[in-house]
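The values are calculated or read from the model by the stated rules, or taken from the named source; none is laboratory data. What you see is a predicted model, and the numbers here were worked out from it, not measured in a lab. Note: ideal-geometry Cβ built from the backbone for every residue, glycine included; neighbour counts use all protein chains shown. Accessible surface is based on the protein model in full, side chains and every heavy atom, while ligands, DNA and RNA are left aside. Shrake-Rupley method; radii C 1.70, N 1.55, O 1.52, S 1.80 Å.
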Amino acid sequence: MRIARVAPRVAARGLERWGRRPPPPTGDPASDAAYARGRVESFRDGGLWLARELAYLGRPWGFDLTDVRAPVTLWWGENDAVCVPSIGRDYEGALPNATLRIEPGTHQILFTPLA
C-alpha cells in the first residue's frame, strides 16, 4: 500500500508478477479453474488498477467503523494469506453489529462458482 500511494506504476509491476503466479488450490477443481480464469482476466490490462485500489484502501475512509450501525456479516477464508483472518477479527471488533464467518479450508475464493 505504501508503494502504491507514492508510485502506483512501480507497485503495478510487482502486482503483475504476483498475478501471473498460479493461485493456491481451493480444493474444488471448478473453483480453481474459475479463479485462474478470473486472475488472468483481471490482469489483462496490467496491474495499475490494483495498485490504485490499494492506494485508495490505504487512505482514510472518511468515517469511523464504530459509526456503522447496520448489521454486517464478514466472510473470510481460513487460509487467506493475502488478507489474513486476524484482519477480519479486527473489523468484527470495530464494527458495532458485525458477525465474522471464517470458512474452513478456503482462501480468497470462498464458494464454488455456479455452472
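Would you mind checking which residues have amide H under 5 Å from W75's amide H? H placed 1.01 Å from N; only 5 or more apart, or other chain.
Excluding prolines and chain starts, which carry no amide H, the hits are R101.
Could you tell me whether the chain comes out rounded, prolate or oblate from its Cα gyration tensor? Rule is a ≥ b ≥ c as square roots of the eigenvalues, rounded for a/c under 1.5, then prolate if a/b exceeds b/c, otherwise oblate.
On the way: a/c = 2.32, a/b = 1.12, b/c = 2.07.
It comes out oblate by the Cα gyration axes.
Which residues in the range 21-61 place their backbone N less than 18 Å from a point set 7 Å from the Cα of A94 along the Cα-to-Cβ direction?
Label zone hits: 53-61.
Count the net charge of all other residues whose Cβ sits under 10 Å from the Cβ of A4, scoring Lys and Arg as +1 and Asp and Glu as -1.
Numbers: positive: R2, R5, R9, R52; negative: E53.
Net charge around A4: +3.
So with the 1.4 Å probe, I'd like the accessible area per residue for the range 6-102, rounded to whole Å². Intermediate results must be reported in sequence, preceding the final value.
Numbers: 6530 Å² over 97 residues.
That works out to 67 Å² for each residue.
Return, ordered by residue number, the residues of the range 74-90 whose backbone nitrogen is under 11 Å from a label point located 7 Å along Cα→Cβ of E16.
none
Tabulate in residue order the Karplus-calculated ³J(HN,Hα) for the range 6-11, using 6.51 cos²θ - 1.76 cosθ + 1.60 with θ = phi - 60°, rounded to whole Hz; enter x for Gly and Pro.
These are the phi-based 3J(HN,Hα) values: 9, 8, x, 5, 5, 4 Hz.
With the full set of protein chains in place, find how many percent of the accessible area of the chain is carbon and sulfur; take the probe as 1.4 Å. Present the calculation step by step, with values, prior to reporting the outcome.
Values: 4590 of 7950 Å².
The C+S portion of the solvent-accessible surface of the chain is 58 percent.
Provide the net charge surrounding A51, with neighbours chosen by a C-beta distance below 12 Å and charges set as Lys +1, Arg +1, Asp -1, Glu -1.
On the way: positive: R2, R5, R9, R13, R52; negative: E16, E53.
Counting the neighbours of A51, the net charge comes to +3.
Whole-Hz Karplus ³J(HN,Hα) for the range 84-100, in order, using 6.51 cos²θ - 1.76 cosθ + 1.60 and θ = phi - 60°, x for Gly and Pro?
With the stated coefficients, the range 84-100 comes to 5, x, 4, 5, x, 5, 4, 5, 4, x, 7, 7, x, 9, 10, 10, 9 Hz.
Scan around H107 for amide H atoms under 5 Å from its own, H built in the peptide plane at 1.01 Å from N, and keep only partners 5 or more places away or cross-chain.
The answer is N79.
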